[in-house]
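The next block holds one structure in the form of structure tokens; read it before the comments.
The values are calculated or read from the model by the stated rules, or taken from the named source; none is laboratory data. Since we're looking at a predicted model, the values are computed, not measured. Cβ: placed from backbone, ideal geometry, glycine included. Neighbour counts: every protein chain shown.
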Amino acid sequence: MIFRGVFSMSIINRLKSLFTGEKDKEEKDISNDVSNTSDDVQVTSSQTVQDDIVSGTKTTVPRETAAEPEGDKDLTFKSDIETLEEEAPKEAPEEIVEEVEEAPKEVEKAPEEAEETSVEEAPEEVEEASEENVEEVKEDTNKKDTKRDTMTLLTDKELLTDSNRDPDFTAEFIDAGIETVKHCFQCGTCSGSCPSGRRTPYKVRQIVRKCLLGLKEEVITDDALWMCTTCYTCQERCLRSVKIVEIIKKARNIAAHAGYMAKPHKMTGVFVMNTGHGVPINDATKALRTKIGLPEIPPTTHAYPEALAEVQKICKITGFDDLIGYDEATGGLKE
Amino acid sequence: MEIAYFLGCIMNNRYPGVEKATRKLFEALDIELKDMEGASCCPAPGVFGSFDEETWATIAARNLTLAEDIGADIMTECNGCFGSLFECNHMLKESEEKKAEINANLAEIGREYKGTVEVKHFAQILRDDVGFEKLASLIEKPLDLNVAVHYGCHFLKPTATIGIEDNAENPAILDDLVEITGAKSVDYKDKMMCCGAGGGLRSRDLDVTTSFTKEKLDHMTEAGVDAIVNVCPFCHLQFDQGQVEVNEKYGTDFALPVFHLAQLYGLAMGLSAEELTFDAQRIDATPAIKKALGE
């Protein structure tokens, strides 16, 4: 069978190119495959062709089926015509209609003759018209590639340019001793390992890239930055030993200083400033402690006011009180 | 042997049974726990570490100076406290520049960080300083219990700085410590996954945290365990309080009681459920305790 021969060769070539890494050749071979497939369009069910293009795989079975059109030939070709008209490029419908008009004539003769003859003749008849289809199929493939590129920073929404970059932002990571931000080669092991990325829009690989590119606003305004639980799975698995969690924490520091802080986080800061504890004691626990023979108040800042004063002073020295908007008069947040 | 005992927040202010069990355990081990009087929050890495590194490091360094005054290494039973204190200690020992910067802050409250103590995790001390043999001698009655061990994140990781000998992807330290009590550590899917509470996520976005916890509870339940064992009061809170939140949100009926490793040892040493404050936990531990004790 001619068809089978052609497809088999293309499979071998593609396998070869996989091993040799010849990407161009592989693409060329795929184009050849597509052209072969388009040949098929004219004599077989277009549904089969669509499947092949979508899946990118080649099987010989559909072609063998296609070579036996005599059973319901008229129906088959009518459905082909309808589908082809839907699928056909706007520039090419005339040629296809012409071709379709011709092809059935050939096939109508075919049943009387040997089956193989009709199959061999059919592709020769349709060759010219099929080239138009080849162009269209190539365009379709290109469109799909463009869609896949949403994995990069080039989304449809907004094209980022040099004007979005802030070199000082990148320098903050380097200055903080996280030089490894430069080592990332974007393999995605981090995102693949990330338990938060499985359920939130948090894309750790992308954030690391944005930090290196200096896309400050992109990074600090994104709520997803706060979806990291600092579990270190990414950092442990990083092939380049990038200190990913340090990068995230540094980015959060910069975001916080730019005013991006959630109120519940500020409140934890308020608790520490008021009591020395992020989770202060309550009456229920006091009772529980007494019941089991522990001091009612643990020997922490809760029991030592002078120690609490030290913590409060630290928060003033470093400006943490202003950072979270602590109101000393009320012991809460400034509104 | 003396150890500076760092309490933190959640253990002493929510689950005092963990503190009680620890004090009893170390009494039996003849190791003196010295209170770090006036210690504060570690402080929480998810808030202070994410907001302002300088504040985080200064408060952590202040806590370190309390242990330096005592002259003993620090023990903490919370992964979060361990992460903050260990990391700060490591950073200040590595960088003279950072040390000078933080000491300038500490000078204003009359303190100085010297870098003379180590920060150790409770489980690390039990394995490396006490040893399995001595621990085994304390067990009055081996526990009959199948448990899902939850390691938590800020215990063995980041391995580049944390010196605890183990494999962070496939560790053994907690499983070994659990099995000394007679309980069996049952493997389960995605065992090393985070509980979901850390990094400030629980306070900021409870739904995401709950989703993490649901996944863990699914996998633990599939493995057919009687209880969860952890070494971090924040993970403990997340599995206890968080389990109620999972059930409310997803309409599930998870009922896995939560044990801190210290509570498991307390139980094996003969402490009562009340002394271990299981009666104050959200998920009823009575069936698991009865099974464990063969009652």
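Residues of region B:25-48 being farther than 21 Å from B:Y113 by Cβ, over 17 Å from the mean Cα position of the chain (by Cα) and more than 7 Å from chain A (Cβ to nearest Cβ), which ones?
The answer is B:E27, B:A28, B:L29, B:D30, B:I31, B:E32.
I need the full set of residues from region B:83-114 which are on the phi > 0 side of the Ramachandran plot and touching a residue at least 40 places away in the same chain (Cβ under 8 Å), in order please.
Residues satisfying the conditions do not exist here.
Which of the following residues is of a type in the set (F, W, Y) and more than 7 Å from chain A (Cβ to nearest Cβ): B:F51, B:F6?
B:F6
Is it the case that A:K286 is crowded, with 16+ Cβ neighbours inside 10 Å, closer than 21 Å to B:C41 by Cα and free of Cβ contacts under 8 Å to residues at least 12 places away in the same chain? Break it down stepwise before answering.
Numbers: crowded, with 16+ Cβ neighbours inside 10 Å: yes; closer than 21 Å to B:C41 by Cα: yes; free of Cβ contacts under 8 Å to residues at least 12 places away in the same chain: yes.
So A:K286 fits the description; yes.
I'd like to check something: does region B:187-201 contain any residue that is in a helix (DSSP H, G or I) and at pLDDT 95 or above?
Yes, some residue in region B:187-201 is in a helix (DSSP H, G or I) and at pLDDT 95 or above.
For every residue, the table says whether it meets (1) more than 15 Å from A:K249 (Cβ to Cβ); (2) touching a Phe, Trp or Tyr at 6+ places or on another chain (Cβ under 6 Å); (3) in contact (Cβ under 8 Å) with a residue 40 or more places away in the chain.
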site	(1), (2), (3)
A:T170	yes, no, yes
A:G188	yes, no, no
A:Y202	no, no, no
A:R209	yes, no, yes
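Restricting attention to region B:93-106, does a residue exist that is of a type outside the set (A, V, I, L, M), under 17 Å from the mean Cα position of the chain (by Cα) and not assigned by TED's automatic domain parsing to the domain that holds B:D240? Quick ask: steps written out before the conclusion?
Initial filter on region B:93-106 (of a type outside the set (A, V, I, L, M)): B:93-99, B:101, B:103, B:105.
Within this subset, residues satisfying the condition of being under 17 Å from the mean Cα position of the chain (by Cα) are none.
Within region B:93-106, not a single residue is of a type outside the set (A, V, I, L, M), under 17 Å from the mean Cα position of the chain (by Cα) and not assigned by TED's automatic domain parsing to the domain that holds B:D240.
Among the residues of region A:232-252, is any facing chain B (nearest Cβ under 10 Å), surrounded by fewer than 19 Cβ atoms within 10 Å (Cβ to Cβ) and touching a residue at least 40 places away in the same chain (Cβ under 8 Å)?
Yes, some residue in region A:232-252 is facing chain B (nearest Cβ under 10 Å), surrounded by fewer than 19 Cβ atoms within 10 Å (Cβ to Cβ) and touching a residue at least 40 places away in the same chain (Cβ under 8 Å).
What number of residues in region B:172-192 are among the small types (G, A, S) and surrounded by 22 or more Cβ atoms within 10 Å (Cβ to Cβ)? Working first, answer last.
Let us first name the residues in region B:172-192 that are among the small types (G, A, S), namely B:172, B:182-183, B:185.
Within this subset, residues satisfying the condition of being surrounded by 22 or more Cβ atoms within 10 Å (Cβ to Cβ) are B:183.
Selection size over region B:172-192: 1.
Which numbered condition in (1) over 30 Å from A:D166 (Cα atoms); (2) at the interface with another protein chain (Cβ under 7 Å from one of its Cβ atoms); (3) out of contact with any Asp or Glu (no Cβ under 6 Å at 6 or more places or on another chain); (4) in a helix (DSSP H, G or I) is the only one that A:R289 fails?
Result: A:R289 passes all but (3).
Answer yes or no as to whether B:L138 is facing chain A (nearest Cβ under 9 Å), in contact with a helix residue (DSSP H, G or I) (Cβ under 6 Å, 6 or more places away or on another chain) and over 27 Å from A:K243 (Cα atoms).
Details: facing chain A (nearest Cβ under 9 Å): no; in contact with a helix residue (DSSP H, G or I) (Cβ under 6 Å, 6 or more places away or on another chain): yes; over 27 Å from A:K243 (Cα atoms): yes.
Considered against the rule, which asks whether it is facing chain A (nearest Cβ under 9 Å), in contact with a helix residue (DSSP H, G or I) (Cβ under 6 Å, 6 or more places away or on another chain) and over 27 Å from A:K243 (Cα atoms), B:L138 comes out as no.
Against the condition out of contact with any strand residue (DSSP E or B) (no Cβ under 6 Å at 6 or more places or on another chain), over 25 Å from A:T221 (Cα atoms) and at the interface with another protein chain (Cβ under 9 Å from one of its Cβ atoms), how does A:T318 come out, does it pass?
no
Restricting to region B:147-169, and then to whatever is free of Cβ contacts under 8 Å to residues at least 40 places away in the same chain and among the polar types (S, T, N, Q), can you tell me which residue is nearest to A:C234 (Cα to Cα)?
The residue in question is B:T159.
Return yes or no: is A:D222 touching a helix residue (DSSP H, G or I) at 6+ places or on another chain (Cβ under 6 Å) and more than 7 Å from every other protein chain (Cβ to nearest Cβ)?
no
When you scan region A:202-259, how many residues do you find that are basic (K, R), farther than 15 Å from B:P45 by Cα and over 22 Å from the mean Cα position of the chain (by Cα)?
Counting residues in region A:202-259 that are basic (K, R), farther than 15 Å from B:P45 by Cα and over 22 Å from the mean Cα position of the chain (by Cα) gives 1.
Of the residues B:I102, B:I125, only one is under 16 Å from B:A4 (Cα atoms), modelled with pLDDT of 95 or more and of a type in the set (A, V, I, L, M); which? Even if it seems obvious, please write down each step before you answer.
On the way: B:I102 fails: under 16 Å from B:A4 (Cα atoms).
Among B:I102, B:I125, only B:I125 is under 16 Å from B:A4 (Cα atoms), modelled with pLDDT of 95 or more and of a type in the set (A, V, I, L, M).
Of B:T286, B:T209, B:T252, which residue is within 14 Å of another protein chain (Cβ to nearest Cβ) and modelled with pLDDT of 95 or more?
Exactly one residue qualifies, and that residue is B:T209.
For the structure I just gave you, tell me whether A:V270 is among the β-branched types (V, I, T) and outside the structural domain of A:V181 (by TED's automatic domain parsing).
Yes.
Just a yes or no: is a residue in region A:294-303 in a helix (DSSP H, G or I), at pLDDT 95 or above and either more than 7 Å from chain B (Cβ to nearest Cβ) or surrounded by fewer than 22 Cβ atoms within 10 Å (Cβ to Cβ) (or both)?
Looking for residues that are in a helix (DSSP H, G or I), at pLDDT 95 or above and either more than 7 Å from chain B (Cβ to nearest Cβ) or surrounded by fewer than 22 Cβ atoms within 10 Å (Cβ to Cβ) (or both), one finds none in region A:294-303, hence no.
Taking the condition closer than 15 Å to B:D226 by Cβ, at pLDDT 95 or above and not assigned by TED's automatic domain parsing to the domain that holds B:A44, does B:N167 pass?
no
Would you be able to tell me the number of residues in region A:260-286 that are in a helix (DSSP H, G or I) and either more than 7 Å from every other protein chain (Cβ to nearest Cβ) or among the aliphatic types (A, V, I, L, M) (or both)? So that I can check it myself, show each step before the final result.
As a first pass, look at region A:260-286 and keep what is in a helix (DSSP H, G or I): A:263-275, A:283-286.
Checking the rest, the ones that are also either more than 7 Å from every other protein chain (Cβ to nearest Cβ) or among the aliphatic types (A, V, I, L, M) (or both) come to A:263, A:266-267, A:270-275, A:283-284, A:286.
Qualifying residue count, region A:260-286: 12.
Among the residues of region A:165-213, which ones are more than 14 Å from chain B (Cβ to nearest Cβ) and in contact with a Gly (Cβ under 8 Å, 6 or more places away or on another chain)?
A:R165, A:D166, A:P167, A:D168, A:F169, A:T170, A:S191, A:K203, A:R205
Of the numbered conditions (1) under 17 Å from B:S50 (Cα atoms); (2) more than 36 Å from the chain's Cα centre (by Cα); (3) at the interface with another protein chain (Cβ under 9 Å from one of its Cβ atoms), A:A309 fails exactly one; give the number of that condition.
Here A:A309 clears every test but (1).
Looking for whichever is under 18 Å from the mean Cα position of the chain (by Cα) and away from chain A (no Cβ under 13 Å) here; the options are B:V231, B:V246, B:V225. Which one fits? Break it down stepwise before answering.
Working: B:V246 fails: under 18 Å from the mean Cα position of the chain (by Cα); B:V225 fails: under 18 Å from the mean Cα position of the chain (by Cα).
So the residue among B:V231, B:V246, B:V225 that is under 18 Å from the mean Cα position of the chain (by Cα) and away from chain A (no Cβ under 13 Å) is B:V231.
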